[in-house]
Amino acid sequence: MSSTPNSAFDPDYATPRPREFMGHPTGLYVLFFTEMWERFSFYSMRAFLVLYMTKALLFTQQIGNEVYGAYLGFVYAAPFVGGMLADRLLGQRRAIVIGGILMAAAQFTLAAHALMLDGVANPETRNILFFLGLGMLAAGNGFFKPNISTIVGSLYPQGDARRDGAFTIFYMGINIGAFCAGFSGQAAEKLGWHWGFLLAGTGMLIGQIIFFFGTPALQGKGLPPAPKEGQRRSGAGTLFALAVGVIAFIGLASILMSRPSYVQNLALIVALPVLAYLIYEVTRGTREEAGRMIVIIILCSFSMMFWAFFELAGSAINLFTDRHVDRTVPIFGELTASFLTASINPFFIVFLGIPFAKLWVWLDKRRMEPSSPLKFALGLAQLGAGFFVMYLGAKEAGPNGTCNIFFLVLGFLLHTTGELCLSPVGLSTITKLSPMRLVGTFMGVWFLSSSLGNIFGGLIGGKTEHYGFETVFFWIFVVSAAAAVLLFIPTPILKRMMHGVK
């Protein structure tokens with residue numbers, strides 16, 4: 001019998017020793033660049049979507065904020081289902097490809113809508129295409145977002161101290177893409193709205209090409225789950241049902257996004273059964289699993305509040321920058337609001353991401369690293385401080401004037417340091433605390449908490465039309481500071497419930 005290894009039967013041949021670059025598997029960098037281009041596409045919407053609605057579609061400030069919040073709500077709710085579908089049916093790789101194709105098609109649909117602004121007389125007929133594009137973006141993100149993060153976590157064994165650093169590096173890829181999205185926002189405002197959408201769609205396609213050619217570096221991670229004994233692999237009927245479900249989701253999301261008040265009511269209805277399901281999973285787990293899952297639920301609750309306020313960067317803060325910030329910068333001249341609100345935060349993350357990753361490792365070696373709950377509390381505190389700075393800027397500007405750009409930059413710097421304490425650490429914590437059978441599901445829960453936060457964030461951002469930016473920013477500061485204190489107090493208890501997970 002020949003001793004030549006065969007890829008079909010020899011697991012060591014099928015999954016050779018992972019190649020590394022700069023201390024991490026090369027698969028991390030494939031995912032880095034895939035995510036970078038997807039985030040370029042996504043953050044292009046964050047850069048100019050509200051401005052497009054209020055300036056081109058003539059939505060009111062209230063409606064623009066609420067539609068934006070409803071859109072982000074669906075964007076972050078869809079991963080809850082996308083994670084489960086990948087865990088049970090598709091595998092993470094297929095889900096990423098499906099999501100990428102949907103999002104690229106969505107951006108080109110929105111570009112077509114922008115080109116129709118002068119050609120279709122009836123705005124209601126024309127805007128069907130607009131909300132259809134938003135629905136496709138939400139569906140695509142549901143397949144893409146939780147599953148690429150899940151593969152990142154799967155590249156490292158449990159207890160590997162490099163995992164938090166890997167997620168921070170991965171998070172830098174997100175923010176390089178987000179920084180570049182500022183240029184698509186600049187193009188949209190200066191050259192024509194359709195150019196912003198076309199650039200976003202092209203970026204999405206580039207990311208898919210990178211993922212296609214880079215999958216060998218993933219070392220067998222993200223494949224469909226093996227069928228259980230006596231179970232057949234999914235056939236054409238299952239895939240047809242999946243396609244029908246995706247189409248139905250896109251249609252429903254499109255309709256509801258055009259009526260954002262319905263989405264706000266739906267969020268309350270959905271939250272209760274999801275919480276009941278999570279409690280059910282807690283009762284099924286071992287003592288250690290139950291404690292860790294309870295911590296996930298608590299952290300996700302505070303994460304919901306964090307993202308409700310943080311994502312106002314694309315709505316209320318964007319409108320504040322457009323109307324009340326002096327955007328003239330020496331050498332560069334006057335910059336657009338979409339460029340500033342899209343690029344300042346990721347610019348800081350690109351430069352601060354690695355120092356923060358090294359800081360956590362340095363503290364870990366000295367047994368001084370803060371626990372995940374404490375990092376969350378620190379993140380909320382800094383978010384609140386950032387809004388206090390923006391409140392001071394709004395106070396200086398008054399109802400009709402402008403403030404120095406310094407207030408915007410410093411506010412975003414504090415938001416960035418808060419984000420680095422919470423977001424990459426949150427992704428890593430979910431993968432470490434979740435039972436292996438539920439990693440994708442709980443990753444979906446993480447994004448679902450962002451979904452609920454963004455829906456209510458849209459409602460909060462819309463209040464600036466009636467109460468003004470100064471009042472809204474001040475009360476966000478107060479609530480964020482109170483939440484940070486509320487989470488800080490039980491931190492020792494939560495740390496014990498994590499049973500050794502940092």
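Under a 5 Å amide H to amide H cut-off, with H placed in plane at 1.01 Å, what residues pair with Val325 once short-range neighbours are removed?
The list, which skips near neighbours in sequence, is Cys403.
Kirkwood Rh over Cα pairs of the stretch 116-173 into Stokes-Einstein at 25 °C, 0.890 mPa s: D in µm²/s?
168
List every DSSP H helix in the chain whose Cα atoms extend 20 Å or more along the helix's own long axis and whose mean Kyte-Doolittle hydropathy is at least 1.0. Provide the component values of the computation, followed by the final result.
Working: long enough: 26-51 (39 Å, 0.78); 61-85 (36 Å, 0.64); 92-115 (35 Å, 1.07); 123-154 (47 Å, 0.59); 162-191 (44 Å, 0.34); 193-214 (33 Å, 1.30); 236-257 (31 Å, 2.31); 260-284 (36 Å, 1.06); 287-310 (34 Å, 1.25); 337-365 (42 Å, 1.17); 372-397 (38 Å, 0.86); 405-433 (40 Å, 1.41); 439-462 (35 Å, 1.20); 469-488 (28 Å, 2.21).
Both cut-offs are met by 92-115, 193-214, 236-257, 260-284, 287-310, 337-365, 405-433, 439-462, 469-488.
Please provide three numbers in whole Å: the alpha-carbon extents of the chain along the principal axes, with the largest listed first.
82, 55, 47
Just grab the label-to-label distance for Phe212 and Val478, each label 7 Å out from Cα along the Cβ direction, in nm (one decimal).
Output for this residue pair reads 5.5 nm.
Radius of gyration and Dmax for the stretch 380-463's Cα atoms, expressed in Å?
16.9, 55
Would you please give the FRET efficiency between Val329 and Thr471, computed as 1/(1 + (r/R0)^6) with r the Cβ-Cβ distance and R0 = 22 Å, to the nearest 0.05? Let's see the in-between values first.
Working: r = 28 Å, r/R0 = 1.29.
The value I calculate is 0.20.
In whole angstrom, note down how far apart the Cα centers of the stretch 370-404 and the stretch 104-149 are.
After rounding, the separation between the Cα centres reads 32 Å.
Could you give the radius of gyration (one decimal) and Dmax (whole number) of the Cα atoms in the stretch 287-331, in Å?
Using the Cα atoms of the stretch 287-331, the pair Rg, Dmax is 18.7, 60 Å.
Full-extension gain between Asn265 and Val409, please, as 0.36 nm times their residue separation minus the C-alpha to C-alpha distance. Can you show the working numbers first?
Numbers: separation 144, 0.36 × 144 = 51.84 nm, distance 3.48 nm.
This chain segment gains 48.4 nm when fully extended.
What percentages make up the Cα-Cα pair-distance distribution of the stretch 278-363 when the bins are 5 Å wide from 0?
3, 11, 12, 12, 14, 13, 11, 10, 6, 4, 3, 2, 0
For His415, His24, which order do you get if you count the other beta carbons within 10 Å of each Cβ and list the fewest first?
Final ranking by Cβ density, sparse to dense: His24, His415.
If eta is 0.692 mPa s and T is 37 °C, what Stokes-Einstein diffusion coefficient results for the stretch 250-301, Kirkwood Rh from Cα pairs, in µm²/s? Before the final figure, lay out the partial values.
Numbers: Rh = 12.8 Å.
Answer, rounded: 256 µm²/s.
Cross-link candidates for Lys190: which lysines have Cα within less than 26 Å, leaving aside residues fewer than 8 places away along the same chain?
The reachable lysines, counting only those whose Cα sits under 26 Å from Lys190, are Lys55.
Please work out the C-alpha center-to-center distance from the stretch 197-214 to the stretch 254-275 and express it in whole Å.
Cα centroid to Cα centroid, the span is 31 Å.
Between Leu89 and Ala236, what is 0.36 nm times their sequence separation minus the Cα-Cα distance? Round to one decimal in nm. Each step should come with its number before you reach the end.
Numbers: separation 147, 0.36 × 147 = 52.92 nm, distance 1.27 nm.
Taking Leu89 through Ala236 to full extension adds about 51.7 nm, to one decimal.
Cα extents of the stretch 86-188 along the three principal axes, largest first, in whole Å?
60, 35, 16
Viscosity 1.306 mPa s, temperature 10 °C: give me the Stokes-Einstein translational D for the stretch 306-419 in µm²/s, with Rh taken as the Kirkwood radius over C-alpha pairs.
105
Work out how much length Leu359 to Leu129 would gain on full extension: take 0.36 nm times their residue separation and subtract the Cα-Cα distance, in nm to one decimal.
Values: separation 230, 0.36 × 230 = 82.80 nm, distance 4.69 nm.
That pair, Leu359 and Leu129, stretches by 78.1 nm at full extension.
For the stretch 428-477, restrict the atom set to alpha-carbon positions and state the Rg and Dmax in Å.
Rg then Dmax for the stretch 428-477, in Å: 16.3, 47.
Which three lengths, in whole Å and largest first, does the stretch 19-142 cover when its Cα atoms are put on their principal axes?
Result for the stretch 19-142: principal-axis Cα extents of 57, 32, 26 Å.
Run the helix sum for the chain: -39,500 (n - 2.57) per DSSP H stretch of 4+ residues, divided by residue count, reported at 222 nm to the nearest 500 deg cm²/dmol.
Working: 18 runs with 382 residues, N = 502.
Mean residue ellipticity at 222 nm (helix-derived): -26500 deg cm²/dmol.
Based on alpha-carbon positions alone, could you give the equivalent ellipsoid semi-axes of the stretch 171-322 from the gyration tensor, as √(5λ), descending, whole Å? The partial results should precede the final answer.
On the way: eigenvalues 224, 139, 82 Å².
Taking √(5λ) for each eigenvalue gives 33, 26, 20 Å, largest first.
Throughout, read-outs are computed from the coordinates displayed, never taken from laboratory work. The shown structure was predicted, so the numbers you read here are calculated from the model rather than taken from an experiment. Neighbour counts are summed over all protein chains in view; Cβ atoms, including those assigned to glycine, are modelled from backbone coordinates with ideal geometry.
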